[in-house]
Amino acid sequence: MHIRAYLRASTKEQDASRARSDLQRFADERGLKIVAWYTENESGASLKRPELFRLLSDCLPGDVILCEQVDRLSRLNADDWAKLKAEITAKRVRVVALDLPTSFQLASTGDDFSSRMLDAINGMMLDMLAAIARKDYEDRRRRQKQGIEKAKADGVYRGRPEDEKRNAAIVGMLKSGQSWNSIVSATGCSRSTLSRLAKRVGDNRAPKVEA
């Protein structure tokens, strides 16, 4: 059995490694060794998570995915959660989350009957917590939208603050003649942001496409 730790944050501004010490402490207290760490800054509401699927690709039957909370693994809608859960089941790996008490017992082996019972209980708990995580995600998005609409109606909405340091670097790269592809790759900015900044500095070049 290999313990593979998964760390996720939603945006690049957040620290995906924040819970690393908690996961390491959990493993140490139970005499478990974490053989690999997988860290990424991607939305839990999307299946487009390269590190998560690299983890699953690396897994062998009986391995454990260790995460801080179930919402680190999933804020997916029902269909996408079903796809991810099917992938986990097909790989015959177990999920251990610090916020899922029954999963703690799955970090140690037991007799076949007890193991199957815990798997069944854990599966139901995972489904419930994944549904709660999705509802929390949707509620926050709805409240955010309502807040923006109210701010717009009151004439006080200013939008997301500009990342002045990053944008200054992008402007410098544009002025030096770097291609759009290389700028996007280096900074992670969107092409719409790049287009807006290009107009700001009077850069009317067509985007350069690198081979």
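Can you tell me which residue among 51, 40, 13, 29 is without any contact (Cβ under 8 Å) to a residue 60 or more places away in the chain, in contact with a Pro (Cβ under 8 Å, 6 or more places away or on another chain) and surrounded by fewer than 20 Cβ atoms within 10 Å (Cβ to Cβ)? It would help to see each step written out before you state the result.
Details: 51 fails: in contact with a Pro (Cβ under 8 Å, 6 or more places away or on another chain); 13 fails: in contact with a Pro (Cβ under 8 Å, 6 or more places away or on another chain); 29 fails: in contact with a Pro (Cβ under 8 Å, 6 or more places away or on another chain).
From the options 51, 40, 13, 29, the qualifying one is 40.
With the condition kept exactly as written, say whether any residue in the stretch 182-191 is small (Gly, Ala, Ser) and at pLDDT 85 or above. Lay out the reasoning, then the answer.
Initial filter on the stretch 182-191 (small (Gly, Ala, Ser)): 182, 185-186, 188, 190.
Add one more test, that the residue is at pLDDT 85 or above, and what stays is 182.
Yes - at least one qualifying residue is present in the stretch 182-191.
So residue 54 passes all but one of these: (1) over 14 Å from residue 129 (Cβ atoms); (2) of a type in the set (Lys, Arg); (3) within 9 Å of the chain's Cα centre (by Cα). Which condition number does it fail?
(3)
Yes or no: residue 9 of a type in the set (A, V, I, L, M, F, W, C) and under 30 Å from residue 161 (Cα atoms)? Reasoning before the result, please.
Working: of a type in the set (A, V, I, L, M, F, W, C): yes; under 30 Å from residue 161 (Cα atoms): yes.
It is true that residue 9 is of a type in the set (A, V, I, L, M, F, W, C) and under 30 Å from residue 161 (Cα atoms).
With the requirement that a residue be surrounded by 11 or more Cβ atoms within 10 Å (Cβ to Cβ) and without any contact (Cβ under 8 Å) to a residue 40 or more places away in the chain, what does the stretch 136-148 give you?
The initial filter retains those residues of the stretch 136-148 that are surrounded by 11 or more Cβ atoms within 10 Å (Cβ to Cβ), namely 136-138, 140-141, 147-148.
Passing the criteria: 138, 140, 141, 147, 148.
Can you confirm whether residue 159 is modelled with pLDDT under 80, in a loop (DSSP other than H, G, I, E, B) and not assigned by TED's automatic domain parsing to the domain that holds residue 9? Talk me through it step by step, then tell me what you get.
Values: modelled with pLDDT under 80: yes; in a loop (DSSP other than H, G, I, E, B): yes; not assigned by TED's automatic domain parsing to the domain that holds residue 9: yes.
Answer is yes for this residue.
Run down 135, 165, 199 and say which single residue is of a type in the set (D, E, K, R), within 30 Å of residue 97 (Cα to Cα), at pLDDT 80 or above and assigned to a helix (DSSP H, G or I).
Details: 165 fails: within 30 Å of residue 97 (Cα to Cα); 199 fails: within 30 Å of residue 97 (Cα to Cα).
After applying the criteria, what remains is 135.
Scanning the stretch 64-86 for residues that are touching a residue at least 24 places away in the same chain (Cβ under 8 Å) and among the charged types (D, E, K, R), which turns out surrounded by the most Cβ atoms within 10 Å (Cβ to Cβ)?
Our first condition is that a residue be touching a residue at least 24 places away in the same chain (Cβ under 8 Å); within the stretch 64-86, this holds for 64-78, 80-81, 83-85.
Filter once more, keeping what is among the charged types (D, E, K, R): 68, 71-72, 75, 80, 83, 85.
Working: 68: 20, 71: 21, 72: 21, 75: 24, 80: 16, 83: 12, 85: 18.
This residue is 75.
Restricting to the stretch 88-98, name every residue that is assigned to a helix (DSSP H, G or I) and loosely packed, with under 15 Cβ neighbours inside 10 Å.
Just the residues of the stretch 88-98 that are assigned to a helix (DSSP H, G or I), to begin with: 88-91.
Of everything in the stretch 88-98, those that are assigned to a helix (DSSP H, G or I) and loosely packed, with under 15 Cβ neighbours inside 10 Å turn out to be 89, 90.
Is there any pair with a first residue in the stretch 172-187 that is farther than 16 Å from residue 201 by Cβ and a second that is β-branched (Val, Ile, Thr) whose Cβ atoms are under 8 Å apart and which are 6 or more apart or on different chains, and what are they?
181/209
The values are calculated or read from the model by the stated rules, or taken from the named source; none is laboratory data. The structure presented is a predicted model; accordingly, all values stated were derived computationally and were not measured. Cβ sites come from the backbone with ideal geometry, for glycine too, and all protein chains shown count toward neighbours.
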